[in-house]
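A short worksheet on the structure shown next.
Read-outs throughout are calculated quantities, based only on the coordinates presented, and are distinct from any laboratory measurement. Predicted, not measured: the structure shown is a model, and the values here were computed from it. A quick note on method: Cβ atoms are made from the backbone with ideal geometry, for glycine too, and the neighbour counts reach across all protein chains shown.
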Amino acid sequence: MNPIRTFAQLMEEARKVGPKTVAIAAAHELEVLMAVVDAQQQGLANAALVGDRKAIETIAKEHNLEINRMMIVHEPNPKLAALRVMELVNLGHADIAMKGKIETGDFLRAALDKEKGLRIGQLFTHVGVFEVPGFDRLIFLSDAGVVVAPEMEQKISIVQNAIDVAHKLGVETPKVAILCATEMVNYKIPSTLDAANLSKMADRGQIKGGIVDGPLALDNAISPESVAIKGIKSPVAGQADILITPDVEAGNVLAKAITYFAQGRMAGIVVGAKVPLVTTSRSDPHDSKLVSLALGVLLAA
């Protein structure tokens with residue numbers, strides 16, 4: 001499989017391996033329903049809609065959305081709807097879990113539930129995939145949504161999960177930049193020490209499947225011109241595929257800066273569970289939710 005470089009290619013590859021079944025928690029939300037109807041029409045996914053039946057049917061009728069072939073499970077309480085989604089997955093009735101009109105925290109708590117959740121002994125981490133104007137490749141970013149202030153052990157999982165997602169999109173040996181405020185190791189900035197350790201761990205095979213280097217500042221990670229000016233010697237600098245931020249605040253700010261300032265498009269997924277978890281923002285338009293669902297289909301395959 002050649003590396004997927006655009007969202008159009010991502011959608012095409014997802015159609016080849018689809019359709020998968022997605023169970024949606026609190027599905028009574030217009031943009032989610034629009035996305036899943038598109039997904040069904042394109043052969044990406046079938047859907048189980050868990051939420052307020054009356055609201056779902058009203059939205060569909062008002063906007064001429066064809067949902068007749070979708071299973072509807074009536075559960076108006078969003079938190080209980082999320083648990084029902086996890087049950088559907090565990091019973092083998094769904095390949096992907098997706099959040100609708102529910103807080104991400106409530107959705108993930110259901111996925112982490114000890115009795116009904118989707119734990120498999122791995123850390124849940126968020127991986128964002130970006131199509132950015134001017135770049136000849138997709139950019140992966142982690143963690144911008146789940147692990148708030150990762151400790152060193154969690155950073156290892158964040159890096160490995162991101163590498164594994166990149167592999168699924170055909171990037172054979174992704175280049176991983178551990179982002180910090182500077183490319184120099186500085187004992188006063190703990191994240192630079194973590195970055196250096198992660199880089200060495202990859203060299204020793206403790207992180208597999210990618211080339212990891214850090215600390216690197218954002219410009220050093222993605223700009224060959226910056227690398228040349230600063231004289232940085234690195235197999236990753238200036239050509240990173242994956243950007244690892246020091247904490248969720250930096251990741252969230254960078255993700256939104258890419259979308260709002262650089263007009264980048266984002267697909268987002270949470271990995272580390274039994275199945276991919278699609279956790280797009282409630283403010284995301286339906287085309288963003290559709291691409292995220294397509295990413296979930298690829299990972300589920």
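Remarks
- The listed peptides 30-43, 131-144, ordered by packing as a protection proxy, come out as 30-43, 131-144 (highest mean of other Cβ atoms within 10 Å first).
- Stretchable slack from residue 15 to residue 219, in nm (0.36 nm times residue separation minus alpha-carbon distance): 69.9 nm
- Distance between the modelled labels on residue 204 and residue 230, one decimal in nanometres: 2.6 nm (7 Å Cα→Cβ projection).
- Share, in percent, of DSSP beta bridges within the chain that are antiparallel, nearest 5: 30
- Label separation (residue 282 vs residue 256): 1.5 nm, computed from points 7 Å beyond Cα along the C-beta direction.
- Of the trypsin sites (Lys or Arg not before Pro) in segment 228-301, those whose Cβ has at most 16 other Cβ within 10 Å and which sit in DSSP loop: 233, 274, 282
- Overall form of segment 240-286: oblate. Here a/c, set by the Cα gyration tensor axes a ≥ b ≥ c, is 1.5 or more, and a/b is not larger than b/c.
- Gain in span if fully extended, residue 8 to residue 53, counting 0.36 nm per residue against the direct Cα distance: 12.9 nm
- Rounded if a/c under 1.5, otherwise prolate or oblate - segment 125-260, Cα gyration tensor axes: rounded
- Vicinal HN-Hα couplings computed from phi for segment 252-259 (Karplus, 6.51 cos²θ - 1.76 cosθ + 1.60; Hz; Gly/Pro x): 5, 5, 5, 4, 6, 5, 4, 6
- Note on residue 109 and residue 62: the model spin-label points, each 7 Å out from Cα along the C-beta direction, lie 2.8 nm apart.
- Under the combined filter of DSSP loop state and at most 15 neighbouring Cβ atoms within 10 Å, segment 71-130 retains these GluC sites (Glu not before Pro): 103, 115.
- Contour minus Cα-Cα distance for residue 122 and residue 90 (0.36 nm per residue): 9.8 nm
- Summing +1 for each Lys or Arg and -1 for each Asp or Glu among the other residues whose beta-carbon sits under 10 angstrom from that of residue 76 gives 0.
- Cα gyration tensor shape of segment 1-149, rounded if a/c is under 1.5, else prolate or oblate by comparing a/b with b/c: oblate
- Alpha-carbon centroid distance for the pair segment 43-92 / segment 181-203, whole angstrom: 45
- Amide hydrogen neighbours beyond the local backbone of residue 72, cut-off 5 Å, H modeled: 49
- When the Gaussian network model of the chain links Cα atoms closer than 10 Å, the mean-square fluctuations of 251, 205, 170 top out at 205.
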